[in-house]
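Participant: Below are the structure tokens for one structure; questions will follow.
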Amino acid sequence: MRRPRVLSGIRPTGQGFQLGNYLGAVQHWAAMQDDNECFFFLADLHALTANPQPEQLRARTRESVAELLAMGVDPSRSTVFVQSHLPQHPELGWILSCLTGFGEASRMTQFKDSQQRDKGEGSVGLFTYPVLQAADILMYQADAVPIGEDQRQHLELTRDLAQRFNHRYGDTFVLPAPYAGRAGERIKDLQDPSRKMSKSIGGNGTVWVLDEPAVVTKKIRSAVTDTGREVRATGDKPGITNLLTILSVVTGDGVGELEGRYEGRGYGDFKADVAAEVVELFAPVRERYAELMADPGHLDSVLAQGAASARVVADRTMTEVRERVGLLPPAPARQAG
Ligand code: ATP
Ligand code: MG
């Protein structure tokens, strides 16, 4: 029996990974590596929807690999690769886009949000990226996809497309199981707790995994808090609730227990403790990151090996997909002479 397969990706956008990426996604990746066959990738094709500078994208992609490894992703147990190294992804994306309704894609809330932000001027890439994401997942026949809450609707679309394909062309794809609600799946921006922390938005409300300890402390101490002095996770206290969630996920102590601990102590002590825990959490990551970045040859070989392992699976899937949808296989090249 094969181990369950896990796949997840992250975009090499922004200036690094942020606290929410770690708490909502990457810490789970690291923890799942023993019991699952894991595939983790840098979604550089998805990063193109943000129109980055070429040099910046290249640099961020390499730094992102080092960051992932520093956060506990282990290439000796997991396949770590760059999405664009496998042209099978956009190929399957195209095939799935022909099974996706225009209205269906228009209902994706992330797309609607970006339409609003870009005043209707967003790219076609932003519109179709959930379909490419479905291809990323289905390519590897993933059983589970550890993601933050913001990606859940896209996972639903992925399941719908898999089902539609299987129904129309015969059983081909595994339906990835939705990942049940976990604490930390939606860490909020420290300056604006009405929205999630995002690496491509950044700013003082974003804690970078690689921030200097003094910077982390300053950002958490100046997090927007709510009126009153009670450290309680209630609907009218989104800022404090967010910090409680962070402290709870980092320490493993329940939110109720933490509320009790800070009873009558005000926000100052509480924020200082949240800051100290986050600093401690990321100290070894910063150290390991510096070591990894000092050896770019190692990072390249991780990616080369990762692409080779991913290609074995992707080729198998695409041979079957091409056959099922009726694409004529290329005739074998004639031997010269
Ligand atoms: P971008 O702004 O470029 O979209 P992002 O911070 O949203 O960056 P992604 O690369 O889109 O990061 O997502 C990587 C993973 O991190 C996904 O599984 C996503 O659900 C998760 N994630 C992103 N932001 C948060 C957050 N604030 N809380 C929990 N999980 C998050
Ligand atoms: Mg995102």
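Participant: Taking springs between alpha-carbon atoms closer than 10 angstrom, which of Thr217, Thr234, Thr61 fluctuates most in the Gaussian network model of the chain?
Facilitator: Judging by the Gaussian network model, the answer is Thr234.
Participant: So what's the net charge close to Ala25: Lys and Arg +1, Asp and Glu -1, counting the other residues with Cβ under 13 Å from its Cβ? Don't skip to the answer; put the middle values down first.
Facilitator: Numbers: positive: Arg11, Arg152, Arg182, Arg186, Lys196, Lys199; negative: Glu67, Glu149, Asp150, Glu185.
Here the charged neighbours net out to +2.
Participant: Could you size up the charge dipole of the range 226-267 around its Cα centre, putting +1 on the beta carbon of Lys and Arg and -1 on that of Asp and Glu, and report it in debye to the nearest 20? All intermediate terms of the calculation are to be shown ahead of the outcome.
Facilitator: Working: 5 positive and 7 negative charges, 21 e Å.
That gives a dipole near 100 debye.
Participant: Then there is this: Who wins for biggest fluctuation among Gly203, Gly239, Gly101 in a Gaussian network model of the chain, springs between alpha carbons below 10 Å?
Facilitator: Result for the chain, Cα springs under 10 Å: Gly101 fluctuates most.
Participant: With everything on Cα atoms, drop me the angle between helix 152-169 and the longest principal axis of the chain, reported from 0 to 90° to the nearest 10.
Facilitator: 20 degrees
Participant: From the residues Val207, Gln83, Ala144, which one has its Cα farthest along the dipole of the chain in the positive direction, the dipole being from +1 and -1 charges on Cβ of Lys/Arg and Asp/Glu about the Cα centre?
Facilitator: Gln83
Participant: Something else: Taking the Cα centroid of the range 3-25 and of the range 151-167, what is the distance between the two, rounded to the nearest whole Å?
Facilitator: The range 3-25 and the range 151-167 have Cα centres separated by 20 Å.
Participant: Add +1 for every Lys or Arg and -1 for every Asp or Glu among the other residues with Cβ under 14 Å from the Cβ of His167, and state the total. Present the calculation step by step, with values, prior to reporting the outcome.
Facilitator: Working: positive: Arg159, Arg164, Arg168, Arg324; negative: Asp160, Asp171.
It works out to a net charge of +2.
Participant: Continuing with this model, one more query. Take every Cα pair under 8 Å in the range 152-280 that's 6+ residues apart, average their separations, divide by the length, and report that relative contact order as a whole percent. Before the final figure, lay out the partial values.
Facilitator: Numbers: 143 pairs, mean separation 25.9, N = 129.
With pairs under 8 Å counted, the relative contact order is 20 percent.
Participant: Right, next: Do you know the relative contact order of the range 211-291, to the nearest whole percent, from alpha carbon pairs under 8 angstrom that are 6+ apart?
Facilitator: Numbers: 72 pairs, mean separation 29.1, N = 81.
The normalised contact order for the range 211-291 reaches 36 percent.
Participant: In degrees, nearest 10, range 0 to 90: what is the angle between the Cα axis of helix 88-97 and the longest Cα principal axis of the chain?
Facilitator: Helix 88-97 and the main axis of the chain meet at about 90 degrees.
Participant: Related question: Charges on Cβ only, +1 for Lys and Arg, -1 for Asp and Glu, centred on the Cα centroid of the chain; of Gln110, Ala308, Ala43, which one is farthest towards the dipole's positive end?
Facilitator: Farthest towards the positive end: Gln110.
Participant: Let me ask another. Would you please name the trypsin sites (Lys or Arg not before Pro) within the range 1-85 that are DSSP coil residues with at most 12 other C-beta atoms within 10 Å of their C-beta?
Facilitator: On the way: sites: Arg2, Arg5, Arg58, Arg60, Arg62, Arg77; in loops: Arg2, Arg77.
Sparse-neighbourhood loop trypsin sites (Lys or Arg not before Pro): Arg2.
Participant: Moving on to the next point. Percent of alpha carbon pairs in the range 172-217 separated by more than 15 Å?
Facilitator: On the way: 596 of 1035 pairs.
Counting pairs separated by more than 15 Å, the tail of P(r) holds 58 percent.
Participant: Right, another one. Note down the magnitude of the dipole of the chain about its Cα centre, charges +1 on Lys and Arg C-beta and -1 on Asp and Glu C-beta and zero elsewhere, to the nearest 20 debye.
Facilitator: On the way: 38 positive and 43 negative charges, 145 e Å.
Result for the chain is approximately 700 debye, rounded to the nearest 20.
Participant: I've got another one for you. Treating only the Cβ of Lys, Arg, Asp and Glu as charged (+1, +1, -1, -1), what charge dipole size does the range 211-291 show about its Cα centre? Round to the nearest 20 debye. Display every interim value, and only then the final one.
Facilitator: Details: 11 positive and 15 negative charges, 53 e Å.
Once rounded to the nearest 20, the dipole reads 260 debye.
Participant: Could I ask something else about it? Per the helix-only calculation at 222 nm, which mean residue ellipticity applies to the chain, given -39500 (n - 2.57) for every DSSP H run of n ≥ 4 and division by its residues, nearest 500 deg cm²/dmol? Display every interim value, and only then the final one.
Facilitator: Working: 13 runs with 172 residues, N = 337.
Calculated mean residue ellipticity at 222 nm is -16000 deg cm²/dmol.
Participant: Determine Rg/Rh for the range 211-291; Rg is computed over alpha-carbon atoms and Rh is the Kirkwood hydrodynamic estimate from the same atoms.
Facilitator: Values: Rg = 13.2 Å, Rh = 13.1 Å.
Rounded to two decimals, Rg/Rh equals 1.01.
Participant: Can you tell me the accessible area per residue over the chain, all protein chains present, probe 1.4 angstrom, in square angstrom? Each step should come with its number before you reach the end.
Facilitator: Details: 16090 Å² over 337 residues.
The answer is 48 Å² per residue.
Participant: Starting with the highest mean, order 164-171, 88-95 by the number of other Cβ atoms within 10 Å, averaged over the residues of each peptide. Provide the component values of the computation, followed by the final result.
Facilitator: Details: 164-171: 13.5, 88-95: 19.5.
Per-residue mean Cβ counts within 10 Å order the peptides as 88-95, 164-171.
Participant: Radius of gyration and Dmax for the range 1-128's Cα atoms, expressed in Å?
Facilitator: In order Rg, Dmax, the Cα atoms of the range 1-128 give 16.1, 50 Å.
Participant: Still on this structure, please answer the following. If you average the alpha carbon positions of the range 288-328 and of the range 58-106, how far apart do those two centres end up, in angstrom?
Facilitator: 10 Å
Participant: Here's another thing I want to ask about it. Only Cα pairs under 8 Å and at least 6 apart count here; give the relative contact order of the range 78-146 as a rounded whole percent.
Facilitator: Working: 35 pairs, mean separation 30.5, N = 69.
Relative CO of the range 78-146 lands at 44 percent.
Participant: Still on this model: Taking the Cβ of Arg322 as the centre, find all other residues whose Cβ is under 13 Å away and add up their charges (Lys, Arg: +1; Asp, Glu: -1).
Facilitator: Summing Lys and Arg as +1 and Asp and Glu as -1 gives -2.
Participant: Same structure, new question: Would you mind telling me the share, in percent, of accessible area of the range 211-291 contributed by carbon and sulfur at probe 1.4 angstrom? Write out the running numbers ahead of the final one.
Facilitator: On the way: 2020 of 4040 Å².
Percent of accessible area from carbon and sulfur atoms in the range 211-291: 50.
Participant: What angle do you read, to the nearest 10 degrees and between 0 and 90, between the alpha-carbon axis of helix 266-293 and the longest principal axis of the chain?
Facilitator: 40 degrees
Participant: Also, quick follow-up: Can you tell me which of 36-46, 108-118 comes out highest on packing, and rank the rest after it, using the mean Cβ neighbours within 10 Å?
Facilitator: Details: 36-46: 24.0, 108-118: 13.7.
The peptides rank, most packed first, as 36-46, 108-118.
Participant: Something else about it: Provide the gained length on full extension for the span Arg77 to Ala59, in nm with one decimal, where the gain is 0.36 nm per separating residue minus the Cα-Cα distance. Kindly include the intermediate steps, with their values, before the conclusion.
Facilitator: Details: separation 18, 0.36 × 18 = 6.48 nm, distance 2.49 nm.
Full extension from Arg77 to Ala59 adds 4.0 nm.
Participant: In nanometres, what is the gap between the two model label sites at Asp315 and Arg3, each 7 Å from Cα along Cα-to-Cβ?
Facilitator: According to this spin-label approximation, the distance is 2.3 nm.
Participant: Among 328-334, 126-132, 261-267, what's the highest-first ranking by average C-beta atoms within 10 angstrom per residue? Each step should come with its number before you reach the end.
Facilitator: On the way: 328-334: 6.6, 126-132: 21.6, 261-267: 13.4.
So the order, starting with the most tightly packed, is 126-132, 261-267, 328-334.
Participant: Moving on to the next point. Mean projection of the alpha-carbon convex hull of the chain over all orientations, in nm²?
Facilitator: Computing the convex hull of the Cα atoms and averaging its projections yields 20.7 nm².
The values are calculated or read from the model by the stated rules, or taken from the named source; none is laboratory data. Predicted model, so just to flag it, every value in this text is computed and none were measured. Note that each Cβ is placed from the backbone with ideal geometry, even for glycine, and that neighbours are counted across all protein chains shown. Ligands, DNA and RNA are excluded from the accessible area calculation, which covers all protein heavy atoms including side chains. Shrake-Rupley method; radii C 1.70, N 1.55, O 1.52, S 1.80 Å.
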